[in-house]
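Okay, so here's the structure we're looking at.
The numbers here are math on the coordinates, done by the rules we state, and not lab data. A quick note: this is a predicted structure, and the numbers were derived from the prediction, not measured. A quick note on method: Cβ atoms are made from the backbone with ideal geometry, for glycine too, and the neighbour counts reach across all protein chains shown.
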Amino acid sequence: MTDLNFDEFDEILRKLAENRNPVEAMVDATLLDESEALVSSAYNCAIPRSFSVDLIIALSESPISDNEAKNQLETMKGWEFVQELGSGEFTYRQEVIQYFRTKLQKDNSARFTSLNQQAYRFFSSKLPVALDTDERVWLNLSTLQVDALREAIYHLLQYDPKRGFELFRKMFSRAIQLHLTEETFTLMKFIKQLDDNAFSPVQRLELLYFEAIQDHLDGNIESAEAKLKKVTSESQLPELQAQALTELGKLYFDAKRFDEAAKAFQDAQKIWVSHYSIRQSAALSNNIGNIYLSKKEYKQAKRYFEHALTGLEKEGTPAEHSQTLNNLGNLYRIQEEWNIARQFYEKSLNIKNNLGDHYGMAITRLNLGRLYQQLAQDTQNSKSEKEYHQMAEDNFTQSLNTFKAFGARSNQAFTLFSLARLLQQEGRINEARQNLNEAMETFFALKMQRELEMAKKLNDQLSKPH
C-alpha cells in the first residue's frame, strides 16, 4: 500500500478551495453550526425580495412562534451577507439570493413552488381588494398595500407564469392609464428578474411592447421606436400589432411627427375595423383628431372627434366617452367658443365624477382652468377678470393636488406651468417663479424639450423688472 503524500494532498485541497464558488463557501461556513430550523429559514428568506419576522413565520414549514422567529432573525442579522433595509425588513446580497434560489429550484423544485405560493398568499392577505378589480385598485391602497400588491404579482409570476403574466399585464396597463410611471418601472423591474425561459415567444414580444412603453415614458425614444417596430413586424396577434401601432402613433405625436403618427393610428384603426371592433376604432379617432387639433386643422379635428363620440356612445366605456367630450371641449376652447367648450368640459367632468375617476377629473379641471384663464382676458364677459382668475386658480390647484397624489410628474409640470402664467397675469411674480422653477425641473428631468423651451421664455419674462 502506498503511503499518502500529505503535502500533495494539502495541495489538492488548496486548489479545490480556490476553485470553489466563493458565495457557496461563505454561505456554507455561515450555516455550518446552525440548527436545522434556522438553515431552513435561511433558504426560505431568499424567496421574497426582503424578509421580516412575519415572513419567517409565514414561510416556515412547521408552526413557529413569534419569539422563535424573532430569535432566528436576531441571529441572521449578524451574517455578513444580510443587509438591513429599515422598518424591520432585511434582505440578502443579490448573489446570495441567486445562490439560494438556484439551489432550491435544483434540489427541491416542489418546495420552491410551495414557498412562492405561501409568499403570494401572505402578500395577498394584506390587500383590501381583489387583484382583478378595475384600475382604481391603485387608488384604494396605502403605500404599504401597494408594496404588497407588487410582491404578490412577483411571487405569482414565480410559480404560475401564465396567471402571473396576465395579472402583470392588467396591473401594468392600468398603471399606464393612470400615469403611475413609478409603478410601471417597478413592475418591469420585477418581471426582468425572471428567467427569460419562463415566457412563451408571444409573451416575450408582449414584454417587448411593455418595455417600449417604459422607454417612451423615460424619454428613450429611439429604443422605444425600435422595439415597437419589432413587435408590429413579428407579432402574429392582430390585437398586439394594433396596440404597438397605437403606442408608436403616440410616440410620434409627442415628438410632433404628425404625419407618421397619423399613419400609425390609421394602420391600427384598419386592424380593429377588420376585426369588427367599433370601440377600438372609434377610440383611435380621438388620437387622429388630436393630431389635426395640433395642426390647427379644426374642421378635420371636429370630424374625427364626432366620429369617436358616435362610436363610443354605442360601444365605448363611460371613461372613453368622457375623454371624447373633453377633446371637443379643447377644440371649442381653442376656437374661443367659450360656452360650448364649457358645456363639453362639464359633461365630461360629471361622467368622471360618477365613475370616481379622480385622475380624469384632474385632466378636465386643468382644461377648465385654462378656459377660465382665457375668459379673464375677454372683456365682453359678465364676470370680472378677478373672478375668472380665481376660478382658474381653483381648478389648477385641484388638478395639481390630484396629479401629485398619483405621482403623475408630467401633468404636474403642465399644471405648474399654467399656474405660473396665471400668477404672472395677476402680478404675483414670486409665486409664479416658484411654480415655474418646479415645472422646469420636471421638464428637464423628463427630457420634455419643447415644454422646457416654453418655460424658459416665461422665465425670461418673469426676470424682467416689473
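Things to note:
- Leading residue by the ranking (surrounded by the fewest Cβ atoms within 10 Å (Cβ to Cβ)) among those in segment 266-288 that are closer than 17 Å to GLU313 by Cα and among the small types (Gly, Ala, Ser): SER277
- Taken over segment 81-99, the criterion of being part of a helix (DSSP H, G or I), surrounded by fewer than 19 Cβ atoms within 10 Å (Cβ to Cβ) and either in contact with a helix residue (DSSP H, G or I) (Cβ under 6 Å, 6 or more places away or on another chain) or among the basic types (Lys, Arg) (or both) is satisfied by GLU95 alone.
- Residue match in segment 248-256 (condition: farther than 27 Å from PHE443 by Cα, in a helix (DSSP H, G or I) and touching a residue at least 12 places away in the same chain (Cβ under 8 Å)): no
- Beta carbons closer than 7 Å, at least 6 apart along the sequence or on distinct chains, never pair a first residue in segment 41-56 that is among the basic types (Lys, Arg) with a second that is in a loop (DSSP other than H, G, I, E, B).
- Within segment 388-424, the set of residues being free of Cβ contacts under 8 Å to residues at least 40 places away in the same chain, closer than 21 Å to ASP357 by Cβ and of a type outside the set (Gly, Ala, Ser) comprises ASP394, ASN395, PHE396, THR397, GLN398, LEU400, ASN401, LYS404, GLN412.
- Test: LYS296 is out of contact with any Phe, Trp or Tyr (no Cβ under 7 Å at 6 or more places or on another chain) and part of a helix (DSSP H, G or I): no
- Condition check for GLN374 on (1) over 22 Å from THR184 (Cβ atoms); (2) touching a Leu at 6+ places or on another chain (Cβ under 9 Å); (3) surrounded by 15 or more Cβ atoms within 10 Å (Cβ to Cβ): one failure, at (2).
- Failed condition for ALA319, given (1) without any contact (Cβ under 8 Å) to a residue 40 or more places away in the chain; (2) over 21 Å from SER418 (Cα atoms): (1)
- Residue match in segment 396-403 (condition: farther than 25 Å from PRO318 by Cα and either among the β-branched types (Val, Ile, Thr) or in contact with a helix residue (DSSP H, G or I) (Cβ under 8 Å, 6 or more places away or on another chain) (or both)): yes
- Hey, SER281 over 22 Å from the mean Cα position of the chain (by Cα), part of a helix (DSSP H, G or I) and in contact (Cβ under 8 Å) with a residue 12 or more places away in the chain or not: yes
- Candidate set: segment 290-308, residues that are farther than 15 Å from GLU336 by Cβ and aromatic (Phe, Trp, Tyr); chosen: the one surrounded by the most Cβ atoms within 10 Å (Cβ to Cβ): PHE305
- Number of the condition not met by PRO48 [criteria: (1) outside any loop (DSSP other than H, G, I, E, B); (2) buried (at least 17 other Cβ atoms within 10 Å of the Cβ)]: (1)
- Boolean, GLU438 is loosely packed, with under 15 Cβ neighbours inside 10 Å and either in contact with a Ser or Thr (Cβ under 9 Å, 6 or more places away or on another chain) or part of a helix (DSSP H, G or I) (or both): no
- Unique match (being crowded, with 23+ Cβ neighbours inside 10 Å and either over 18 Å from LYS296 (Cα atoms) or over 28 Å from the mean Cα position of the chain (by Cα) (or both)) among GLY316, GLY356, GLY369: GLY369
- Scanning segment 268-275 for any residue that is in a helix (DSSP H, G or I), farther than 30 Å from LEU452 by Cβ and touching a Pro at 6+ places or on another chain (Cβ under 7 Å) turns up at least one such residue.
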